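> For reference, the structure I am asking about is given below.
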Amino acid sequence: MTWLRSRGRARALILGYHRVGTPGSDPYGLSVSEATFERHLDAIARFARTASLSEVADALPRGGPSPGTVVLTFDDAYALTLRRVEPLLRTHRVPATVFVPTALLDAEPWWDRLARLLSTRQTLPAELPVPLGRDRHLHRRLRGEERQAGMTPTSRTDLILDMYRAFRPLSRKDRIAALEELAAVCAGTEPCPETRVASADELVALDGSETFEIGSHSVTHPVLPELPVDVQRTELGDSRETLEAILGHPVDLFSYPNGARDPGTDRVVEEAGYRVACTSASGVVTHRSSRFALPRFWPEDCPDAVEKVIRRWL
């Protein structure tokens, strides 16, 4: 009965994606296949209406979004993903918002480089340096199956996630140094086209496609609540200034990197002049939703994942 009473209310689902494609490995669970994504679009066409994030933001103070609205967003601005999905979105007439970490333009994100270094098919050392910041580190002793030559990337998922958790809190400077130290003992594989972030020229093309709108995802993709307020302001302000210089128009949409936020970060986002910000927490957008903490659902690589979410919540 609760589900029946909820139908028809002013509410929207914001869907979040990272990569669309089939990379060689996906230790962080960031990808859905192209075939799955097309099934998601089909479900949206059958059961919902679409709107841009800007349209939903505009509707919040006027009673909330139209009933049955779905919004698409893409974090990290992976270039190959955006090239793949642009014609699909255009065909289905679905708008989307892309959130860009500006220090990573035309580059491989650190977390993908980390996974690549550890996914080598060569034998890994008996121990790996685990960074603690400021030139301090521990060592992680590897199990036999983690070290073994010829292992598939999937077999090292636990190792990759452990190292990711150690690298994530580091400053950008410390993280770069730690990656170089790791690269000295891990041969790694060649960079994968799936993991390159879009370039400035590619963002301009996307922005002019009438399919995408561009938002900020900070400068360096940090865990914002763990940073001093002045550093948070720099992350938010510099990213916005960079995007506005590239695109030639205001940028006022934001997505919290790592989904990390608290009331303090929300205030910094508002003070920085952003109009709306998306989190990584699951939930439905209503007229009561905070503009600076809009929830999102993250569909799995399952063909009926979006249909289930729509039927449950819209």
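> On average over all directions, what projected area in square nanometres does the range 23-73 have, based on the convex hull of its Cα atoms?
Mean orientational projected area (the range 23-73, Cα hull): 4.7 nm².
> I need the calculated FRET efficiency for the pair residue 28 and residue 271, taking r as the beta carbon distance and R₀ as 30 Å, to the nearest 0.05.
0.45
> Cα convex hull of the range 214-314: how many Å³ per residue?
120 Å³
> Using the charge dipole of the range 186-225 (Lys, Arg: +1 at Cβ; Asp, Glu: -1 at Cβ; taken about the Cα centre), state which of 215, 195, 205 has its Cα farthest towards the positive end.
Projecting each Cα onto the dipole axis, the largest value belongs to 195.
> How large is the dipole of the chain about the Cα centre if only Lys and Arg carry +1 and Asp and Glu carry -1, each at its Cβ, rounded to the nearest 20 debye?
Using Cβ point charges on Lys, Arg, Asp and Glu, the chain gives about 1220 debye.
> Given a 1.4 Å probe, how much area per residue of the range 264-314 is accessible, in Å²? Please list the in-between numbers first.
Values: 2420 Å² over 51 residues.
On a per-residue basis, 47 Å².
> In addition: As I understand it, the value is the acute angle between the Cα axis of helix 229-247 and the longest principal axis of the Cα atoms of the chain; what does it come to in degrees, rounded to 10?
Value to nearest ten degrees: 70.
> Report the FRET efficiency, 1/(1 + (r/R0)^6), for residue 260 and residue 123, where r is their Cβ-Cβ distance and R0 is 30 Å, rounded to 0.05.
0.25
> In addition: Who wins for biggest fluctuation among 235, 194, 55 in a Gaussian network model of the chain, springs between alpha carbons below 10 Å?
Taking springs between Cα atoms under 10 Å, the residue moving most is 55.
> Still on this structure, I have one more. How high is the FRET efficiency between residue 233 and residue 148 when r is their beta carbon distance and R₀ equals 35 Å, given to the nearest 0.05?
0.15
> Accessible area per residue of the range 13-93 at 1.4 Å probe, in Å²? Walk me through the numbers before you get to the answer.
On the way: 3050 Å² over 81 residues.
Accessible area per residue, the range 13-93: 38 Å².
> While we're here: Under the Kirkwood approximation applied to all pairs of distinct alpha-carbon atoms, what is the hydrodynamic radius of the chain in Å?
Taking every pair of different Cα atoms in the chain, averaging 1/r and inverting gives 20.4 Å.
> To the nearest 10 degrees, how steep is helix 79-92 against the longest Cα principal axis of the chain, on a 0 to 90 scale?
Approximately 20 degrees, to the nearest 10.
> Using DSSP, restrict attention to beta bridges with both residues in the chain and report what percent are antiparallel, rounded to the nearest 5.
Taking every DSSP beta bridge with both residues in the chain, the antiparallel ones total about 25 percent.
> Share of the range 172-295's accessible area from carbon and sulfur, percent, 1.4 Å?
51 percent
> So, one more: Based on DSSP H runs of at least 4 residues, each adding -39500 (n - 2.57), what is the mean residue ellipticity at 222 nm of the chain after dividing by all its residues, to the nearest 500 deg cm²/dmol?
-11500 deg cm²/dmol
> Still on this structure: For residue 207, what charge total do you get from the other residues with a beta carbon under 15 Å from its beta carbon, if Lys and Arg give +1 and Asp and Glu give -1?
Surrounding charge for residue 207 is -4.
The values are calculated or read from the model by the stated rules, or taken from the named source; none is laboratory data. Predicted model, so just to flag it, every value in this text is computed and none were measured. All Cβ positions, glycine included, derive from the backbone under ideal geometry; neighbour counts span all protein chains shown. For the accessible areas, the whole protein counts, side chains as well, though only heavy atoms, and no ligand, DNA or RNA atoms are used. Shrake-Rupley method; radii C 1.70, N 1.55, O 1.52, S 1.80 Å.
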